[in-house]
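The values are calculated or read from the model by the stated rules, or taken from the named source; none is laboratory data. None of the values given here were measured: they were computed from a predicted structure. Glycine also receives a Cβ, built like all others from the backbone with ideal geometry; neighbour counts cover every protein chain displayed. Accessible surface areas use protein heavy atoms only, side chains included; no ligands, DNA or RNA. Shrake-Rupley method; radii C 1.70, N 1.55, O 1.52, S 1.80 Å.
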Amino acid sequence: MSLSDREARQLIREQLDTSMIVEAAAGTGKTTMLVDRLVEALATGRAEIQSVAAVTFTNKAAGELKLRLRQRLDEARADETDDGRRGNLTAAIARLEEASIGTIHALCAQILRERPVEAGIDPAFGEIDAEESRRLYDRAFRRWIE
């Protein structure tokens, strides 16, 4: 079954009981659709903001995602005429900082910090920066070549 772009966007936004993989080129609106889907899930009470995990690959993209979600929540709340949905949106805005919106690295680090013993790691572990990552990669690659 082939869907039109409009039909696909409507499904993404409204089919909240269906897990989806959305594959599309850069600049086609994936982030917009993710934000719209999150807002609808929060407005309907299907999700609470503290249970949301939205993952991107860069800190810049994560910051943009959080900003866009905040803006869309504000817009949706202002436009909402149903008291229940408006209340859900108000609650989501109030607790937005409790959502796990960030990079895959940050999400993994958060999970590991919550369960370091089970993961078998030092509870005081830290994430490495790009420079250290490159140095470790180069060292491992040299060893592999040798």
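For this structure, a couple of remarks:
- Angle in degrees between helix 130-145 and the longest Cα principal axis of the chain, rounded to the nearest 10: 50
- Taking Gly29, Gly63, Gly45 as the candidate residues, the one with maximal mean-square fluctuation in a Gaussian network model of the chain, Cα springs under 10 Å, is Gly29.
- Calculated FRET value between Glu23 and Cys108, using beta carbons and R₀ = 30 Å, to 0.05: 0.85
- For a label point 7 Å along the Cα-to-beta-carbon line of Leu11, residues of region 22-58 with backbone N under 13 Å: 22-23
- Cα-based helix-to-principal-axis angle, 30-44 vs the chain, degrees rounded to 10: 60
- Legend: residues Leu3, Leu65, sorted from most to least accessible area (1.4 Å probe; ligands, DNA and RNA excluded), read Leu3, Leu65.
- Order of exposure, largest accessible area first, which applies to Lys30, Lys66, Lys60 with probe 1.4 Å: Lys60, Lys30, Lys66
- Kirkwood Rh in Å, taken over region 57-146 so that all alpha-carbon pairs contribute: 16.5
- Inter-centroid distance (Cα atoms) of region 16-87 relative to region 92-146, Å: 25
- In terms of packing, defined here as the mean over residues of other Cβ atoms within 10 angstrom, the peptides 129-135, 75-81, 90-96, 21-27 line up highest first as 90-96, 75-81, 129-135, 21-27.
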